[in-house]
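Here is the structure we will look at.
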Amino acid sequence: MTVELLARAQAGDGEAFAQLVEPCRRELQVYCYRFLGSVADAEDALQDTLLSAWQGLPRFEGRASLRTWLYRVATSRCLDALRSARRHPPVSEPPAQMQALEPPEPTRLGELLWLEPYPDAMLEGLADRAPGPAARYEASESISLAFIVALQLLPPRQRAALILRDVLGFHASEVARMLDTTQESVTSALKRARASLEHHQRSTGPSSPAPRPDSAAERQLVDRLTRAFEAADVDGIVALLAEDVWLTMPPLPLEYEGRELAARFLVATAFRPGWTARLIPTRANGQPAFGFYVRDPQTGGFYTVGLMVLTLSGPRISAMTRFDPGILARFGLPAALGN
């Protein structure tokens, strides 16, 4: 940031403002995503942040860095979003061929219906900015679906304190200023947030480290799953799942635990007699993902089931999360495939 560029932006130069905030734009959107758990909500919060920053820039006195000040504005906008947001997004209308499906009774009904995946393509280049020395989480862990889910279970101000301190590595004094509170309050909120996060991680059971992204082990597991899906080999799919695997599908509330229920769900939905599947690979939240399509033998067309994100634990799949077809465009995937 140059003094001249800041002065021009404070004087109302929109082009100078755009140049000023551009280096922080993508990381601010990821921050909003971690906070809100939804790409759509994060995009809205980012726009509100930039508008508020533009309106408030003449009062920026440089007591903190511009980046720190922008995070303060973004934190305020995310807290506002949580107070006012519709947390039950509309569900895309499934194709007529999919509407008659009768899934089995779920293990439980989920509550985080607004959860959305984040395209890896939108994360490229963010690793160039290392978190501060106080950060406790690696970048890959802090964007994983499991971590995003755990964050959504925290009260808003605890969530803010944990992301700003343990993920981004801001100092406690900086976090206190961002939240308009004292360092003691930040320390207390952070202590409660860490305890809640650790309790959630224990309650979800022990897990082995996932294979490194794009490693031979990850590619082998993904290839085996793809072949099993496209061969309608339910037994082959189940053999790759952890015993306590979870199948979830926000914004639908259905959640299934265990291999047996997973098999019953797949048979009842994705692998009806004569139907076949096709998976188009992509990545979300640093994890393997697929555009998931099924072929109707009567028409020959492939209809989308949505986006499926895999959570890996050692040599097994510990979670399969299916997301609504409405998000496919963010991943550059079509709504349907040809014959």
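The values are calculated or read from the model by the stated rules, or taken from the named source; none is laboratory data. In this text, all values refer to a predicted model and were calculated from it rather than measured experimentally. Note that each Cβ is placed from the backbone with ideal geometry, even for glycine, and that neighbours are counted across all protein chains shown. With ligands, DNA and RNA removed, areas are computed over all heavy atoms of the protein, side chains included. Shrake-Rupley method; radii C 1.70, N 1.55, O 1.52, S 1.80 Å.
Once the Cα-Cα distance is subtracted from the 0.36 nm per residue extended length, the A335 to T276 segment shows a gain of 19.6 nm. Accessible surface comparison of R202, R272, probe 1.4 Å, protein chains only, largest first: the order is R202, R272. Between the beta carbons of A7 and S215, assuming R0 = 45 Å, the FRET efficiency works out to 0.40 to the nearest 0.05. Positive contributions from Lys and Arg (+1) and negative ones from Asp and Glu (-1), summed over other residues with Cβ under 14 Å from the Cβ of V294, come out at +2.
About its Cα centre, what dipole magnitude does the chain give when the only charges are +1 on Lys and Arg Cβ and -1 on Asp and Glu Cβ, stated in debye to the nearest 20?
580
One decimal place: the segment R59-S203 gains 47.2 nm when fully extended, by the rule 0.36 nm per residue minus the C-alpha distance.
Site pair E43 and L153 shows an inter-label distance of 2.9 nm when each label is modelled 7 Å from Cα along Cα→Cβ.
With R₀ set to 56 Å, the beta-carbon distance separating T68 from Q298 gives a calculated FRET efficiency near 0.40.
Shape class of the range 234-297 from the alpha-carbon gyration tensor: rounded, with the ratio a/c of largest to smallest axis under 1.5.
Please work out whether the range 137-180 counts as rounded, prolate or oblate from its C-alpha gyration tensor, where a ≥ b ≥ c are the square roots of the eigenvalues and a/c under 1.5 means rounded, while otherwise a/b larger than b/c means prolate and anything else oblate? Taking the square roots of the gyration eigenvalues as a ≥ b ≥ c, the range 137-180 is oblate. Placing unit charges on the Cβ atoms of the charged side chains and taking the dipole of the chain about its Cα centre, the candidate lying farthest along the positive direction among L28, A189, A319 is A189. In the chain, the DSSP-assigned H stretches of four residues or longer account for a calculated mean residue ellipticity at 222 nm of -13500 deg cm²/dmol, using -39500 (n - 2.57) per stretch and the full residue count as denominator. Note on the chain: along the principal axes its Cα atoms extend 67, 41, 39 Å, ordered by decreasing extent. If both residues of a DSSP beta bridge must be in the chain, then about 90% of such bridges are antiparallel.
Computed packing ranks the peptides 4-14, 161-171, 234-244 as 161-171, 234-244, 4-14, most packed first, by mean other Cβ atoms within 10 Å.
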